[in-house]
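Some notes on the structure that comes next.
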Amino acid sequence: MVLGGAAFAFIAFIALLLACVASIPSLSDVAATTSTPEVGDCIQEDGNDITVVDCDSSAAEYEIIGIEPTEVTREEFDRDSDPCPSFPEAERAYWYGRSDSSGRVFCVVSVR
C-alpha cells in the first residue's frame with residue numbers, strides 16, 4: 001500500500017506529537033523541583049510525602065523551623081536518634097531528597 005501525501009503528512013504529524021509529549025516532565029518531577037520546602041513554610045504529611053501548604057490552611061500540620069546544615073542519605077536519617085540537633089525544639093523531622101542521593105533534614109513543629 002502506498003500512502004498519499006496527506007496520509008503521510010498525518011502520520012508524520014502524529015509521530016512528532018508523540019515525541020513532544022514524551023519529552024514533557026511528569027507532574028511529580030515538576031513538583032519536586034519547583035516547590036522545595038523552606039524555613040517558615042507549612043507542610044502537610046501525605047503518606048510518605050510532604051506537601052507545602054498555606055500556613056492559614058486547615059491542611060497545615062507542621063511548620064518548618066529549621067533545616068539541618070548537613071545533607072544525609074535516607075539510611076543515615078533513619079539510623080539517627082536525634083536528626084535535628086541544631087533545633088532542639090523540633091517535634092519531628094522529615095527527610096527530603098531522592099532515594100539515590102543525600103537529602104535535607106527538615107525540623108518541624110506542630111501548628112495545631
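The values are calculated or read from the model by the stated rules, or taken from the named source; none is laboratory data. From a predicted model like this one, the values you see are computed outputs, not experimental measurements. A quick note on method: Cβ atoms are made from the backbone with ideal geometry, for glycine too, and the neighbour counts reach across all protein chains shown.
Here is how the numbers come out for the structure above:
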| read-out | value |
| --- | --- |
| Yes/no for Phe106 being surrounded by 10 or more Cβ atoms within 10 Å (Cβ to Cβ), modelled with pLDDT of 80 or more and in contact with a Cys (Cβ under 7 Å, 6 or more places away or on another chain) | no |
| Which listed residue, of Arg112, Arg79, is exposed (fewer than 15 other Cβ atoms within 10 Å of the Cβ) and touching a residue at least 40 places away in the same chain (Cβ under 8 Å) | Arg112 |
| In segment 99-109, the residues that are under 18 Å from the mean Cα position of the chain (by Cα) and either in a helix (DSSP H, G or I) or touching a residue at least 24 places away in the same chain (Cβ under 8 Å) (or both) | Ser99, Ser101, Ser102, Gly103, Arg104, Val105, Phe106, Cys107, Val108 |
| Members of segment 101-110 found to be out of contact with any Ser or Thr (no Cβ under 9 Å at 6 or more places or on another chain) and over 13 Å from Glu45 (Cβ atoms), listed by number | Val109 |
| Residue selected from segment 63-80 under the condition under 16 Å from the mean Cα position of the chain (by Cα) and in a strand (DSSP E or B), by the criterion nearest to Val39 (Cα to Cα) | Ile64 |
